[in-house]
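The values are calculated or read from the model by the stated rules, or taken from the named source; none is laboratory data. Predicted model only: the values in this text are computed from it and were never measured. Cβ: placed from backbone, ideal geometry, glycine included. Neighbour counts: every protein chain shown.
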Amino acid sequence: MSYQIRFTKRADKDIKKLSPKLKAKLQEILRKRIAVNPFSGKALLGDLKGYYSVRLSYKDRIIYSIHEEELIVMVVRAKTHYGE
């Protein structure tokens, strides 16, 4: 059973700014890891409680929420959460 992956407008903008190599890595992580077991990411705390994070590169992260009832993973960000 795998989850559907959906993107917010902000995540779409982030993805467009990624290099082709990082876009390919993002697709692989989404398909082989997050869609299969979304709880494998790191659960976030504080303001981002309820969200999960997976490292994309040294500074970039995939931030997402899980909607278990509908089997949907909503990708919120796909870039850095540090200063750009």
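Which one is farthest from THR8 (Cα to Cα) among residues in region 44-63 that are surrounded by 11 or more Cβ atoms within 10 Å (Cβ to Cβ) and out of contact with any Ser or Thr (no Cβ under 8 Å at 6 or more places or on another chain)? Steps first, answer last, please.
Taking region 44-63 as the starting set, the residues that turn out to be surrounded by 11 or more Cβ atoms within 10 Å (Cβ to Cβ) are 44, 48, 51-57, 59-63.
Checking the rest, the ones that are also out of contact with any Ser or Thr (no Cβ under 8 Å at 6 or more places or on another chain) come to 48, 53, 55-57.
Numbers: LEU48: 16, SER53: 15, ARG55: 18, LEU56: 17, SER57: 20 Å.
By that ranking, first place goes to SER57.
Which condition number does ASP12 fail, the rest of (1) farther than 24 Å from MET1 by Cα; (2) modelled with pLDDT under 95 being met?
Checking ASP12 against (1) farther than 24 Å from MET1 by Cα; (2) modelled with pLDDT under 95, the one that fails is (2).
For region 1-37, give me each residue that is under 11 Å from ARG77 (Cβ atoms), not in a helix (DSSP H, G or I) and not polar (S, T, N, Q).
PHE7
Pull out all pairs, ordered by first then second residue, where Cβ-Cβ is under 6 Å, the residues are six or more apart or on different chains, the first lies in region 36-60 and is in contact (Cβ under 8 Å) with a residue 40 or more places away in the chain, and the second is of a type in the set (Lys, Arg).
Here the result reads ASP60/LYS79, each pair linking region 36-60 to a residue that is of a type in the set (Lys, Arg).
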